[in-house]
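The values are calculated or read from the model by the stated rules, or taken from the named source; none is laboratory data. Computed from a predicted structure; not experimentally measured. Note that we place each Cβ from the backbone using ideal geometry, even for glycine, and neighbour counts take in every protein chain shown. Ligands, DNA and RNA are stripped out before the accessible areas are found, and what is left, the full protein with its side chains, is counted by its heavy atoms. Shrake-Rupley method; radii C 1.70, N 1.55, O 1.52, S 1.80 Å.
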Amino acid sequence: MVHEQRSEAGLSLNSDTKDIQALAELDPESWSAILAPRLAYFAAVARAEHVTRAAHRLQVPQSTVSRALVRLERDLGVDLFARHGRTVSLTAAGRTFLATVERALGEVERAAESVRADADPESGKVAFGFLHTMGSETVPSLIREFRADHPRVRFTLVQNYGEWMLEHLRSGELDLCLTSPVPDAPDLAARRLDEQRLRLVVPEDHRLATRKRIRLAEAAEETFIMLEPGYGLRRITDDLCAEAGFRPRIAFEGEEAETLRGLVAVGLGVALLPPPAVPRKGVVELTITGQRAVREIGVAWLEGHPDTPPVAAFKRFLLTRRGRLLA
């Protein structure tokens, strides 16, 4: 029976407006699709206790409001109003329904205000992801420089590894991210901004610690400390070791570069890492020769996804930092 009633409601909605028809077609079995276009009319009449006055406030014809209320009551199968000539009053069912409707409409209003605020050119919000290694200096400096011209723009900042951020770009939870390697995927857009030279990090009492430069092949017998599989730097390290002719023997895997550097400092192995934001005691960092041992850093976003004004402004700003992102 419920299915048949809702199907009839879908037909009656089609006779209202094209917008209501489109809403009903989203899911004809959904009560929200059936009722949503009429709830504001219902609440307005309930407050005014008069159809004509409510229609005037809503700036719609009285006949439209009247038809919406009749169909609403028919679809629910209850009387929401008692009619008294030109005025109306809520029935017990109407009072119960109104309490929930007003909460729902209030939530819609707050949601609308929230998304409008996030898109405001002056004070909107940017959801920005970046690698852990960029969190101590690079990202704070970027935001400080950007906010010199956009002081009220707000940021949601997320640190994580590259693949995680790309998935959250795809889901719409991030607007932009700084990641490595620079992604090459049909659904994503990306621009290379800078690169970091990777170094072989060894304990200060290591046999290689007196060196300044080293070919990576010379470390083939060492125990390596690496990021976990799935991290961009892990893929780069694996590729560089393969290019040097060996497969690294791994003792520890972690999630954050500075933790790996700390493990190296206490003598648990060696690691291939980007330069630290602050020099770390207990380690020596050797330049890699014979290979191009770098990781490229780029900004990525969802291809074809419309930008709000604050996101567009921050994207333009990041693109101007090409070649000096890490300066």
> How much of the accessible area of the stretch 199-292, in percent, comes from carbon and sulfur atoms when a 1.4 Å probe is used?
Replying inline: 48
> Between LEU58 and GLU167, what FRET efficiency comes out of the Förster formula 1/(1 + (r/R0)^6) with R0 = 45 Å and r the beta carbon distance, rounded to 0.05?
Replying inline: 0.55
>> Report the gain in length on full extension from ASP149 to VAL70: 0.36 nm times residue separation, minus Cα-Cα distance, nm rounded to one decimal.
In response: 23.0 nm
> Can you work out the FRET efficiency for the pair GLU228 and LEU157, with r the C-beta to C-beta distance and R0 = 22 Å, to the nearest 0.05?
Replying inline: 0.50
> What helices does the chain hold that run 20 Å or longer along their axis, going by alpha-carbon atoms, with a Kyte-Doolittle average of -1.0 or more, using DSSP H for the helix calls?
Replying inline: 31-48, 62-76, 92-118
> By how many nm would the segment from SER123 to THR96 grow when fully extended, if each residue of separation counts as 0.36 nm and the alpha-carbon distance is taken off?
Replying inline: 5.8 nm
> How large is the accessible surface per residue of the stretch 199-292, computed with a 1.4 Å probe and reported in Å² as a whole number?
Replying inline: 52
> GLU303 versus ARG322, label points 7 Å from Cα toward the beta carbon: distance in nm?
Replying inline: 1.8
> the stretch 147-189: which GluC sites (Glu not before Pro) are DSSP loop and have at most 13 other beta-carbon atoms within 10 angstrom?
Replying inline: GLU173
>> Can you tell me the convex hull volume per residue for the chain, based on C-alpha atoms, in Å³ to the nearest whole number?
In response: 196
> Expressed in nm to one decimal, what extension gain is obtained for the pair GLU107 and ALA251 from 0.36 nm per residue of sequence separation less their Cα-Cα distance?
Replying inline: 46.6 nm
> Label-point separation (nm) for ALA312 and ARG213, each offset 7 Å from Cα along Cα-to-Cβ?
Replying inline: 4.9
> So what does log10 I(q)/I(0) come out to for the stretch 28-119 at q = 0.11, 0.25 Å⁻¹, using the Debye formula with one equal point on every Cα and no solvent?
Replying inline: -0.33, -1.36
